[in-house]
Amino acid sequence: MTPVAFTLHNALTDWQRGPFPLVTVGVLLALAYFYLQGIWALAARGRTWPARRTIPFLGGLAAIDLAIQSPIATFTSTYFQAHVIQHLLLMVVAPPLLALGAPSTLLLQAANRKTKLRWLAILRSRPFAVLTHPVPVWFLYFGAMFAFFMTSLINIAMHDMAIMDVFNVTFLLGGTLYWWPMVGLDPIVHWKMGYGARMANLLIGAAPETFLGVAILGQSRPIASMYSLASTHAGGAMLWISVELSSIAGFVPVFFQWMHSEERTAARADARTSRATPLTPSEDTSEHVRQPAQRDRACANPGQLTGWEATWLARTGSIPAFAQEGTRAVVTASQVRGDADDIDATLETP
């Protein structure tokens, strides 16, 4: 890469136009389109997708573009600080934002049955289980960083941008696999982490990244031939500080998810208690549970029950009914327990 001086003009205009950056932009635009198409598909069924998921996902795509195509990528040829910023965008900023967008959940809710079954087959597959195991993920996330920054690989990669492109994709993949279970919005078949384990993972993971930043800060020679020693030290300090800040920031979504989970658990417990309480004739349950007489008629005419009604009747002896204007809510057992985010929830017109 040709050295580029840091000027305001270059910082605003010197975007990458090579094959890899342009392909990256095309892929990011395609991902944004399919994500929005899924939202539109849900809207056509009368359902909404929360903006608190859409905005982070689109922000994650923008972070990838900044890392690969923007002047940040251009300045990596001269300043190690820019290289650290690129690294942070790909491993610490974009992956958690993409995970907060819950793209897998959106796919399972919006896609047709054939696509849904194919994606579920991937999620449940043995290769995917191995790839998402905590040990390979830690090796990919932390091992790749140490191998790249603490050996001559960074110098080799910066002299051959094809190798650098491979490393950038590896960094993004490692960050995605690391942050996906940490955020925990999408369905994860294997190695699902509890909230305590997520916080512990954040604390433990901060240690090797901090050590890496301190090691770079203490080097006695430039980390690569195109960087100065002052730039190397500045980049190491930036990495050290950013790791501390990202660890604190990572606690925010985990904490709020934990609180929300506790609220949902309490709501499910209240719902179970309500179902266990015998109903009196004066109680109006028309909007929640069919009256015994209605249930008896339904049992006498099982052909009138839908599949989920028959299953739920057999399990609990009652059938939740949710009246809506012009629609019938077809819900799963987990939704009746209070889990509004169940991936199989659909609205069907009678």
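Subtract the Cα-Cα distance of residue 27 and residue 133 from 0.36 nm times their separation in residues, and report this length gain in nm to one decimal.
Values: separation 106, 0.36 × 106 = 38.16 nm, distance 2.67 nm.
Gain in length upon complete extension: 35.5 nm.
How much length is gained on full extension from residue 113 to residue 211, taking 0.36 nm per residue of separation minus their Cα-Cα distance? Please report the intermediate quantities before stating the final value.
Values: separation 98, 0.36 × 98 = 35.28 nm, distance 4.74 nm.
Here the answer is 30.5 nm.
Under unit Cβ charges (Lys, Arg +1; Asp, Glu -1), what dipole magnitude, rounded to 20 debye, does region 8-266 have relative to its Cα centre? It would help to have the intermediate numbers written out before the result.
Values: 15 positive and 9 negative charges, 236 e Å.
Value, rounded to 20: 1140 debye.
Separation between the residue 191 and residue 10 pseudo-spin-labels, each 7 Å from Cα along Cα→Cβ, expressed in nm?
The modelled label-to-label distance comes out at 4.0 nm.
On a full-extension model of 0.36 nm per residue, what is the gain between residue 163 and residue 124, subtracting their alpha-carbon distance, rounded to one decimal in nm? Before the final figure, lay out each step's value.
Working: separation 39, 0.36 × 39 = 14.04 nm, distance 3.19 nm.
Full extension of this stretch gives 10.9 nm more.
Using 1/(1 + (r/R0)^6) with R0 = 30 angstrom and r between the beta carbons of residue 230 and residue 261, what's the FRET efficiency to the nearest 0.05? All intermediate terms of the calculation are to be shown ahead of the outcome.
Values: r = 47 Å, r/R0 = 1.57.
Once the sixth-power term is evaluated, E becomes 0.05.
Can you sort 252, 4 so the residue with the fewest Cβ neighbours within 10 Å comes first?
Values: 252 9, 4 17.
By the 10 Å Cβ count, ascending: 252, 4.
Please give the residues of region 140-166, grouped as numeric ranges, whose backbone N is less than 20 Å from a label point set 7 Å along the Cα-to-Cβ vector of residue 204.
Only 140-147 pass the distance filter.
Test of understanding: extend the Cα→C-beta vector of residue 17 to 7 Å, then name every residue of region 34-78 with backbone N under 16 Å from that spot.
69-71, 74
Distance from the Cα centre of region 15-90 to that of region 113-133, in angstrom?
Comparing the Cα centres of region 15-90 and region 113-133, I get a distance of 24 Å.
Computed from the coordinates by the stated procedures, all read-outs in this text should not be read as laboratory data. A quick note: this is a predicted structure, and the numbers were derived from the prediction, not measured. We place every Cβ from the backbone using ideal geometry, glycine too, and count neighbours over all the protein chains shown.
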